[in-house]
């Protein structure tokens, strides 16, 4: 066992690739390192670069079960959940954990560990709109999280309002990354439009392409740049292939570029006139937060969390979900008025520093994890 005198907090996260939930866990581990030692528990199927796991004192793997839409998956869900919950209990005891952070409500391994006798402090974050699941199942999952947890945390007002009545969740926004710093912009003014997000149906890359083709002829120097991963899933690879096919159909092959996950976000954003976030449902959006922190205005759907980050017309633009013409108009406005984009980007950086600073986050989350009498 470690001789580290800090109390141990275990974070249970279902990410199989780099996701917003994983990045939030990284940020928590870094910012609270003076007070807590963090152990991350990931699915055994996770394929995440070791550099992404450096903030954690240890990383463990479990076969985390997910409920799928098939008879076999439903039939095996209960036994598999019990097995992974027992595995989590073993890890909690191995690391003598005093706190368990469950990084979304549908991970019921925490509920199993609690039911089997674990008595530490448990805090469940809700990072996903529960009603994107079938309502009966989502209601059961949220009820289990409420029963097992000392606290339930919603990452935005949007999520708090989507939770079933009586959940009594605390609102706690994720914060900016204090280590994220802008790099010098290129001497030559660029007209790049950056879209950072994994290739997942519903994330909006398809809408970005349709909007871009409406403005491409007017702005021949503009490019649309995608950065993201497919999370190792065939359906996501198929989605990316379909996007590339559509780009070829539109004759934009030289101007719409598909990249992998951006390991150096400041450099990727340095040449961007604007960033896009066109997810049709977004719980909060670290991609919006980080782009604004780096001084880049964001065009986003009015899809939940981004509405709590972007000040429409001041730090970016909010548009109606699915409104391609409105996206194109916002793109054109920032492409033809570079000084406006610079002013909006500067206002965005000031705004998120003031509203989502790390000091306020630490002041709110540390007592939430420690709790009355939980850590001495």
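Going by what's in this entry, would residue 117 be described as surrounded by fewer than 21 Cβ atoms within 10 Å (Cβ to Cβ), in a loop (DSSP other than H, G, I, E, B) and assigned by TED's automatic domain parsing to the domain that holds residue 24? The answer is yes for residue 117. Residues that are closer than 22 Å to residue 295 by Cα, without any contact (Cβ under 8 Å) to a residue 60 or more places away in the chain and part of a loop (DSSP other than H, G, I, E, B): does segment 225-232 have at least one? Scanning segment 225-232, I find at least one residue that is closer than 22 Å to residue 295 by Cα, without any contact (Cβ under 8 Å) to a residue 60 or more places away in the chain and part of a loop (DSSP other than H, G, I, E, B), so the answer is yes. The set of residues in segment 334-352 being over 27 Å from the mean Cα position of the chain (by Cα) and crowded, with 16+ Cβ neighbours inside 10 Å consists of 335 alone.
Of the residues in segment 23-41, at least one is over 20 Å from residue 154 (Cβ atoms), in a loop (DSSP other than H, G, I, E, B) and free of Cβ contacts under 8 Å to residues at least 60 places away in the same chain.
When the test is whether a residue is assigned by TED's automatic domain parsing to the domain that holds residue 303 and either in contact with a helix residue (DSSP H, G or I) (Cβ under 9 Å, 6 or more places away or on another chain) or loosely packed, with under 15 Cβ neighbours inside 10 Å (or both), residue 183 does not pass it. Could you check, for segment 160-181, whether at least one of its residues is farther than 18 Å from residue 308 by Cβ and part of a strand (DSSP E or B)? No, because not a single residue in segment 160-181 is farther than 18 Å from residue 308 by Cβ and part of a strand (DSSP E or B).
Every condition in (1) outside any helix (DSSP H, G or I); (2) buried (at least 18 other Cβ atoms within 10 Å of the Cβ); (3) in contact (Cβ under 8 Å) with a residue 60 or more places away in the chain; (4) under 21 Å from the mean Cα position of the chain (by Cα) is met by residue 269 except one, and the failing one is (1).
The values are calculated or read from the model by the stated rules, or taken from the named source; none is laboratory data. This one's a predicted model, so the numbers in the text were calculated from it and none came from an experiment. All Cβ positions, glycine included, derive from the backbone under ideal geometry; neighbour counts span all protein chains shown.
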